[in-house]
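The values are calculated or read from the model by the stated rules, or taken from the named source; none is laboratory data. Not measured: the values here are computed from a predicted model. Neighbour counts are summed over all protein chains in view; Cβ atoms, including those assigned to glycine, are modelled from backbone coordinates with ideal geometry.
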């Protein structure tokens with residue numbers, strides 16, 4: 001019998017409670033909430049239902065999901081819904097992927113001031129792209145784009161950066177025509193990087209002056225204005241990394257890519273290789289040597305600590321929209337872009353009246369059935385009984 005796939009939840013179930021006891025005050029309420037949700041996900045602790053095949057009568061227990069946005073197991077429906085909405089917004093033009101990141105010294109500040117610094121990251125990135133794109137010396141257009149916050153690298157260390165997906169052009173200042181960028185080239189990354197650095201540091205100083213930044217541990221000396229100024233000044237002397245990946249092969253490829261990319265969290269379950277003797281082994285890519293695949297083994301405590309570094313502040317939106325994709329003007333502006341690009345209106349996505357059952361909703365969006373019988377492959381699994389949350393801890397069985 002093949003071994004059941006490993007999951008981050010397995011690490012939390014085995015070692016999470018002991019980690020909580022040792023972490024003490026370093027373990028925040030938000031982190032505790034996320035860990036508990038993932039521990040309970042798709043176990044009897046959340047209740048569930050019993051399904052039976054309408055053909056071969058095979059039965060199975062299906063436990064409920066936690067639906068936490070940090071859970072690697074619970075993003076499929078959210079991802080499918082998001083992709084369907086974006087499909088209606090695709091334009092017949094080039095698309096570019098631009099990444100904005102901050103130096104390690106700034107990442108250290110962000111680790112203790114997530115909400116403030118992440119907001120600054122979005123603000124500085126959006127203003128940089130829109131300002132440089134509006135400059136007639138570059139594009140001379142009003143652009144639209146969405147940005148996705150990632151806070152991790154392949155080894156799960158804290159590495160905040162924004163991934164921006166941008167159509168290769170925009171509306172002229174008077175809105176009368178579509179201004180396309182050059183084939184294969186969007187905006188000069190050196191110009192973007194310098195403006196991004198200047199804006200980010202200006203907003204960081206504003207936050208410090210407003211007493212919105214808080215420092216503890218090794219960063220405690222930064223409470224002193226002179227020390228903070230010298231610390232930040234040193235980051236002006238290094239190049240900030242902004243880079244543009246090769247353009248997408250076409251609008252359809254954008255969805256294929258972002259559908260996998262936008263709803264990631266820290267590490268996906270398929271990268272886990274082993275959970276043994278208080279350690280966790282996983283795959284990662286080392287991009288310093290051409291993306292070579294390697295393995296890393298961490299103690300369970302260190303793996304949990306690194307994963308929980310990426311728990312977002314409550315209510316923080318990690319996908320944001322700007323320019324003509326902004327929420328206030330999106331519908332009218334996209335219709336205008338389509339008209340200028342001589343594009344037909346798309347069919348509305350199947351979202352206005354989602355099916356009452358999430359499985360039917362998921363099938364409508366992805367054309368993948370969650371009801372297919374795993375035994376006869378011909379019948380459909382129908383709910384025949386349901387049960388509420390059980391009082392005892394999660395069982396070993398996991399239907400994920």
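Here are a few things to note about the model shown:
- Residue under evaluation residue 325, criteria (1) within 17 Å of residue 149 (Cβ to Cβ); (2) out of contact with any helix residue (DSSP H, G or I) (no Cβ under 8 Å at 6 or more places or on another chain); (3) touching a residue at least 12 places away in the same chain (Cβ under 8 Å), criterion not met: (2)
- Annotation: residue 100 fulfils all but one of (1) surrounded by fewer than 21 Cβ atoms within 10 Å (Cβ to Cβ); (2) modelled with pLDDT of 95 or more; (3) under 16 Å from the mean Cα position of the chain (by Cα); the unmet one is (1).
Results for (1) part of a helix (DSSP H, G or I); (2) surrounded by 14 or more Cβ atoms within 10 Å (Cβ to Cβ); (3) in contact with a helix residue (DSSP H, G or I) (Cβ under 9 Å, 6 or more places away or on another chain); (4) on the phi > 0 side of the Ramachandran plot, shown as yes or no for each residue.
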position	(1), (2), (3), (4)
266	no, yes, yes, yes
270	yes, no, no, no
275	no, yes, yes, no
280	no, yes, yes, no
283	no, yes, yes, no
288	yes, no, no, no
293	no, no, no, no
296	no, yes, no, no
306	yes, yes, no, no
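- Subset of region 186-214 [more than 26 Å from the chain's Cα centre (by Cα) and more than 14 Å from residue 129 (Cα to Cα)]: 202, 205, 206, 208, 209, 210, 211
- Residue within region 65-84 that is under 30 Å from residue 379 (Cβ atoms) and touching a strand residue (DSSP E or B) at 6+ places or on another chain (Cβ under 8 Å) present: no
- Residue count for region 342-400 satisfying the condition of being closer than 21 Å to residue 86 by Cβ, in contact with a helix residue (DSSP H, G or I) (Cβ under 9 Å, 6 or more places away or on another chain), in a loop (DSSP other than H, G, I, E, B) and modelled with pLDDT under 85: 8.
- Which listed residue, of 244, 202, 207, is surrounded by 11 or more Cβ atoms within 10 Å (Cβ to Cβ), touching a helix residue (DSSP H, G or I) at 6+ places or on another chain (Cβ under 9 Å), farther than 30 Å from residue 73 by Cβ and free of Cβ contacts under 8 Å to residues at least 40 places away in the same chain: 202
- Candidates 258, 254, 179, filtered to the one that is without any contact (Cβ under 8 Å) to a residue 60 or more places away in the chain, buried (at least 16 other Cβ atoms within 10 Å of the Cβ) and either in contact with a strand residue (DSSP E or B) (Cβ under 6 Å, 6 or more places away or on another chain) or not in a strand (DSSP E or B) (or both): 179
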